[in-house]
Amino acid sequence: MPSPPVLHRLLAVRSLALRRGVWFRVRPAARALIDAVILHLRRGGRVKSPALLEAVRRAVEEVVALAAPLRVKAKALGYAIAAKLGITVDEEKAIALGIQWINTPKRYRGEAPPIFTWL
């Protein structure tokens, strides 16, 4: 069961997305959910529903995925691909591998590692 959302963390996620200019690229339903949970928590409410907690977690992951710098995404993706292929790479090669995969058209890409379904 996911941990309950904490107000200051949700505010930090929203402000990060606004600063990076990606808040309005997040799905409207995810934005509305985050805003509604922030408002509910500010008024002293608690979120206990497992389904709602999971939905908030997915919405926050979407925001963080869009707000993360390309270098961080490419490095994480490169390490995931290297692990899937069973090879060892250093940081520089992981970044290069991740950027190569991101720049490959979707038509020619292999299957994405499970943690990177948003690319």
Next item on the list: In whole Hz, with x marking every Gly and Pro, tabulate ³J(HN,Hα) for the range 7-20 from phi via Karplus 6.51 cos²θ - 1.76 cosθ + 1.60, θ = phi - 60°.
Entry: 4, 5, 6, 5, 5, 5, 5, 5, 5, 4, 5, 5, 5, 7
Checklist line | Karplus 3J(HN,Hα) series, Hz, for the range 84-101 with 6.51 cos²θ - 1.76 cosθ + 1.60 (x for Gly, Pro) | finding: 5, 7, x, 10, 9, 9, 8, 4, 5, 5, 5, 5, 4, 5, x, 5, 4, 5
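Counting only protein heavy atoms and using a 1.4 Å probe, what share of the accessible area of the chain belongs to carbon plus sulfur, as a whole percent?
Working: 4660 of 7940 Å².
Reported share for carbon and sulfur atoms: 59 percent.
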Next item on the list: Under a cut-off of 12 Å between alpha-carbon atoms, report the aspartates and glutamates in cross-link reach of Lys84, not counting same-chain residues fewer than 8 places apart.
Entry: Glu111
Notebook entry, point to check: What label, among (1) 63, 35, 19; (2) 50, 31, 27; (3) 117, 20, 17, belongs to Cα extents along the principal axes in Å computed from the structure on display?
Noted result: (2)
Note to self: Between Gly86, Gly78, Gly98, where does the largest GNM mean-square fluctuation fall for the chain, given springs only between Cα atoms within less than 10 Å?
What the structure shows: Gly86
Next item on the list: Quick one: among Pro28, Pro105, Pro50, which has the greatest mean-square fluctuation in a GNM of the chain with alpha-carbon springs under 10 angstrom?
Entry: Pro105
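Would you mind calculating the gained length between Ala65 and Arg43 on full extension (0.36 nm times residue separation, minus the Cα-Cα distance), in nm to one decimal? Don't jump to the answer; show the numbers that get you there.
On the way: separation 22, 0.36 × 22 = 7.92 nm, distance 2.83 nm.
5.1 nm is the gain from fully extending Ala65 to Arg43.
Loop sites only, by DSSP: take the trypsin sites (Lys or Arg not before Pro) in the chain that have at most 10 other C-beta atoms within 10 Å and name the longest stretch containing none of them. Intermediate values should be presented prior to the final figure.
Details: sites that count: Arg43, Arg46, Lys48, Lys106, Arg107.
Longest gap between qualifying sites, sites excluded: 49-105.
Which FRET efficiency, nearest 0.05, do Val6 and Lys84 yield, Cβ-Cβ r, R0 30 Å? Kindly include the intermediate steps, with their values, before the conclusion.
On the way: r = 33 Å, r/R0 = 1.11.
Calculated value: 0.35.
Return one whole number: the accessible area per residue of the range 4-67 in Å², for a 1.4 Å probe. Working shown, then result.
Working: 3950 Å² over 64 residues.
Per-residue accessible area for the range 4-67 comes out at 62 Å².
The values are calculated or read from the model by the stated rules, or taken from the named source; none is laboratory data. Model, not experiment: these values are computed from the prediction. Positions of Cβ are backbone-derived with ideal geometry, glycine not excepted, and every protein chain shown enters the neighbour counts. Heavy atoms of the whole protein, side chains included, go into the accessibility calculation; ligands, DNA and RNA do not. Shrake-Rupley method; radii C 1.70, N 1.55, O 1.52, S 1.80 Å.
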